[in-house]
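The values are calculated or read from the model by the stated rules, or taken from the named source; none is laboratory data. None of these values were measured; they are calculated from a predicted model. Reconstructed Cβ throughout: ideal geometry from the backbone, glycine too, with neighbour counts over all protein chains shown.
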Amino acid sequence: MKIPKAKQEAKVLEAHGDQRQDEFYWLNQRENPEVRAYLEEENAYYKNETQHLESFAEDLFEEMKARIKEDDSSVPYFLDGYWYQAKFEKGNDYPIYSRRKDHIDAEEHIIFDVNAMAKGHDYYKLTGISISPNNKFAAFGVDDVSRREYTIYVKNLETGEILDQQIEKTTGSSCWASDNKTLFYTRKDLQTLRSYQIYKHHLDQKTDEDVLVYQEDDATFNAYVFKTKSRDYVIIGTSSTLQDEYRYIDANTPNAEFKVIQERTSGLEHSIAHYEDYFYILTNKDAAANFKLMRTPIDKTSVAHWEDVIPHRDEVLLEDVDIFKNYLVLTERFNGLARLRVLTWDLSEDYFVPISSETYTLGTSSNPDFETDTLRYIFSSLTTPTSVIDFNMKDQTEVVMKQSEVLDPDFKSSNYIAERAWATASDGVEVPMSIVYKKGIKRNGKNPLLQYGYGSYGHTVDPYFSSTRLSLLDRGFVFVIAHIRGSEYLGRQWYEDGKFLKKKNTFTDFVAVSEYLIAHSYTSPEHLYAMGGSAGGLLIGAVMNLRPDLYHGMIAAVPFVDVVTTMLDDSIPLTTGEYDEWGNPNDAEYYHYIKSYSPYDNITDCQYPHLLVTTGFYDSQVQYWEPAKWVARLRLQQNNTNKLYLETNMKAGHGGASGRFEALKELAKEYVFIFDLAGISE
């Protein structure tokens, strides 16, 4: 089949005296039949070129699916007299949400059977379930397009009736006032999808009578609304990357005027929780780069009244706070590893939840009950399946409520080895990585190795367990997570050193990890593969331009690769809110820096690695045309004879397919692409 060629329709883009020819700019015309035809042509080419792998992908899907318990359920949690649970039934793609009154073994009442609700839809996602204080109503959001535009509905849980009230263009989340009649929710801008308005809806009124209680006019901020865990206050939050601002009312007075806690201040980041007479504030105030915990009286909330509770520490990142009636729980990160610190409010007790492992993933789980002394947390590692653990903070005992089952009689955690190593970056900084492989692997430079990375927004990819990853490890692959700058693996400064005018550290760190793995004979360039998605797709594109010689193959999922053009277009969702991440290219310094690494703008005529690119036609985070343009321009090269595929899911968005196992089919296709390159056959 002939290689697809998108037509060229040159458009000159100008900024800061710089003129750029963008011959594929026209691909952003979503409604243009020629655009759809081109994407379908690329899909047909990909399907034709990989038809010899179809049966392998089907078998691999079944292999990965067979490890997953189909009739599975979450550990129930208790709230306001009910035990809530989500479960999957064999043969179904979507969850069933239910609850039981008073006792965990009481009669089950189905709240939502999403399988029934999703019938007739190519994509369906239910989110933001919010139960009214009297347990009678459930508000919830539905997206059946995959654009992250949710319609909120309200269900009467006593009668099963869905009320005739549809609230469109929302984030899907909402919270109830204490009157059980008033619902606060967030609406999105129709063009940019920025969440910017907070509305108040009363169940006795029509939705067109909803009252606008707040509008955020600064395009770099997003607005949201939530209820404190104490359930005493409704909070409106507005946030940009580097600033936050909060307003509050008593949940018993939904018609009151919202009061500002502290006016937004450049560089002041903070989040809010409530306990008794104070708001507790997780913040970077006073140059607390790794954040600290402060508090302020409810009636004196401005920054002048904030006082330290947990001071700033240079070596410890304070990531999160969970508040209970008798305890305060801190999620901290020290030397790359998370830890849970438990304190009584009078500080008479202060200890860490005991963990014994070299490298792992740890975090608090769903803890909605304010009154309980039980902390629920999640633990896993590269070799240990995820466990849900209930820890009694009073007597410091714990019970493993559930460990994810791996339905493979041959699976044993002891058959795999997890390590942590450090590579030296180009500027001398030590970059950590997490490594896992099957026992018996020899470090002879001949092992196929898949290196994964992200490195943006301060998002840290911890060393977590994956049953699907066993399909790599059992075929002789080594798997590596590169904890590169741009994440917060080593604290807030680790993030700051991978953004703005230091963004290239993210890419050179990833290269340094690859060079380490080759130098220490884990693999070789002939056997090294790399993968990343979204901003991690930007990572793949930038690294591919930097060192195409290091990798045999790459996968870029929903990749953010046309950085300059996107960041200059403030009509695109997310653009304005991300100036604090990438820099604003309307500033010449940032423009030229971004242009120097943007994958679309730095393609050279060289032999690139084999490349699979995936995207979703309805993606609202990274628009489909970015990867489409990137592949089209890559196809103009004369010297590249390696495989280059673009697959567009014409029915999905940024997160891919919505069904539980549909996403597994997509992963199977990605894996067999790599297996084929590695010479691993069915």
Just one of the numbered conditions (1) in a strand (DSSP E or B); (2) closer than 19 Å to residue 475 by Cβ; (3) among the basic types (Lys, Arg) is not true of residue 442; which one?
(1)
Report, by residue number, each residue of region 135-157 that is part of a loop (DSSP other than H, G, I, E, B), free of Cβ contacts under 8 Å to residues at least 60 places away in the same chain and either of a type in the set (A, V, I, L, M, F, W, C) or touching a Phe, Trp or Tyr at 6+ places or on another chain (Cβ under 9 Å) (or both).
135, 144, 157
For region 598-616, give me each residue that is surrounded by fewer than 20 Cβ atoms within 10 Å (Cβ to Cβ) and either among the hydrophobic types (A, V, I, L, M, F, W, C) or in a helix (DSSP H, G or I) (or both).
601, 603, 606
In region 178-200, residues that are in contact with a Leu (Cβ under 7 Å, 6 or more places away or on another chain) and closer than 15 Å to residue 239 by Cα total 1
Take region 161-202 and flag every residue that is assigned to a strand (DSSP E or B), basic (Lys, Arg) and farther than 20 Å from residue 578 by Cβ.
169, 187, 200
Among 279, 291, 324, which is crowded, with 19+ Cβ neighbours inside 10 Å, of a type in the set (Phe, Trp, Tyr) and out of contact with any Lys or Arg (no Cβ under 8 Å at 6 or more places or on another chain)?
324
Return the residue satisfying two criteria in turn: it lies in region 119-136 and is modelled with pLDDT under 95 and buried (at least 16 other Cβ atoms within 10 Å of the Cβ), and of such residues it is farthest from residue 100 (Cα to Cα).
122
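Can you tell which of 391, 411 is in a strand (DSSP E or B) and farther than 20 Å from residue 358 by Cβ?
391
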Just to be sure, is residue 594 touching a Gly at 6+ places or on another chain (Cβ under 8 Å), touching a residue at least 24 places away in the same chain (Cβ under 8 Å), of a type in the set (A, V, I, L, M, F, W, C) and over 28 Å from residue 65 (Cβ atoms)?
yes
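Yes/no per residue for (1) crowded, with 19+ Cβ neighbours inside 10 Å; (2) free of Cβ contacts under 8 Å to residues at least 24 places away in the same chain; (3) out of contact with any Pro (no Cβ under 9 Å at 6 or more places or on another chain); (4) of a type in the set (Ser, Thr, Tyr):
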position: 551; (1), (2), (3), (4): yes, no, no, yes
position: 569; (1), (2), (3), (4): no, yes, yes, no
position: 575; (1), (2), (3), (4): yes, no, yes, yes
position: 580; (1), (2), (3), (4): no, no, yes, no
Yes/no for residue 142 being closer than 18 Å to residue 173 by Cα, β-branched (Val, Ile, Thr) and surrounded by 14 or more Cβ atoms within 10 Å (Cβ to Cβ):
yes
Could you grab me the full set of residues in region 405-420 that are under 27 Å from residue 85 (Cα atoms) and modelled with pLDDT under 95?
405, 407, 408
Residue 628 free of Cβ contacts under 8 Å to residues at least 60 places away in the same chain and not in a loop (DSSP other than H, G, I, E, B)
no
Residue that is exposed (fewer than 14 other Cβ atoms within 10 Å of the Cβ), at pLDDT below 95 and more than 30 Å from residue 134 (Cβ to Cβ), where the choices are 240, 302, 266:
266
Give the residue, chosen from 382, 375, that is touching a residue at least 12 places away in the same chain (Cβ under 8 Å), crowded, with 17+ Cβ neighbours inside 10 Å, outside the structural domain of residue 551 (by TED's automatic domain parsing) and assigned to a strand (DSSP E or B).
375
How many of the residues making up region 399-419 are surrounded by fewer than 17 Cβ atoms within 10 Å (Cβ to Cβ) and in contact with a strand residue (DSSP E or B) (Cβ under 7 Å, 6 or more places away or on another chain)?
8
Residue set 387, 434, 404, 426; condition hydroxyl-bearing (Ser, Thr, Tyr), in contact with a Phe, Trp or Tyr (Cβ under 7 Å, 6 or more places away or on another chain) and touching a residue at least 12 places away in the same chain (Cβ under 8 Å); output residue 387
Wholly within region 467-570, which helices (runs of 4 or more DSSP H) include no fewer than the required count, namely at least 3 residues that are of a type in the set (Val, Ile, Thr) and touching an Asp or Glu at 6+ places or on another chain (Cβ under 9 Å)?
563-567
Step by step: first the residues of region 83-110, then only those that are hydrophobic (A, V, I, L, M, F, W, C) and over 18 Å from residue 402 (Cα atoms), then the one that is surrounded by the most Cβ atoms within 10 Å (Cβ to Cβ). Which residue is that?
96
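Results for (1) more than 25 Å from residue 370 (Cβ to Cβ); (2) among the charged types (D, E, K, R); (3) assigned to a strand (DSSP E or B); (4) not assigned by TED's automatic domain parsing to the domain that holds residue 327, shown as yes or no for each residue.
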| position | (1), (2), (3), (4) |
| --- | --- |
| 219 | yes, no, no, yes |
| 225 | no, no, yes, yes |
| 241 | yes, no, no, yes |
| 246 | no, no, yes, yes |
| 252 | no, no, no, yes |
| 266 | yes, no, no, yes |
| 273 | no, no, yes, yes |
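The rows are residues; the columns are (1) at pLDDT below 95; (2) part of a strand (DSSP E or B).
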residue: 1; (1), (2): yes, no
residue: 5; (1), (2): yes, no
residue: 20; (1), (2): yes, yes
residue: 42; (1), (2): no, no
Quick one: in region 335-363, which of the residues that are touching a residue at least 24 places away in the same chain (Cβ under 8 Å) and aromatic (Phe, Trp, Tyr) is nearest to residue 436 (Cα to Cα)?
360
Test for residue 356: is it loosely packed, with under 14 Cβ neighbours inside 10 Å, under 22 Å from residue 249 (Cα atoms) and of a type in the set (Ser, Thr, Tyr):
no
Taking the conditions exactly as written (more than 30 Å from residue 131 (Cβ to Cβ), in contact with an Asp or Glu (Cβ under 7 Å, 6 or more places away or on another chain), surrounded by 13 or more Cβ atoms within 10 Å (Cβ to Cβ) and in the same structural domain as residue 644 (by TED's automatic domain parsing)), does residue 53 satisfy them or not?
yes
Which pairs do you get when a residue that is in contact (Cβ under 8 Å) with a residue 60 or more places away in the chain, found in region 289-306, comes within reach of a residue that is part of a strand (DSSP E or B), reach meaning Cβ atoms under 7 angstrom, with the pair 6+ apart or on two chains?
290/313; 290/316; 290/317; 290/318; 291/282; 291/283; 291/317; 291/318
With the checklist (1) in a strand (DSSP E or B); (2) modelled with pLDDT under 95 in hand, flag the one item residue 359 doesn't pass.
(1)
Condition first: under 23 Å from residue 651 (Cβ atoms) and exposed (fewer than 12 other Cβ atoms within 10 Å of the Cβ). Now tell me which residues in region 2-36 satisfy that.
31, 33
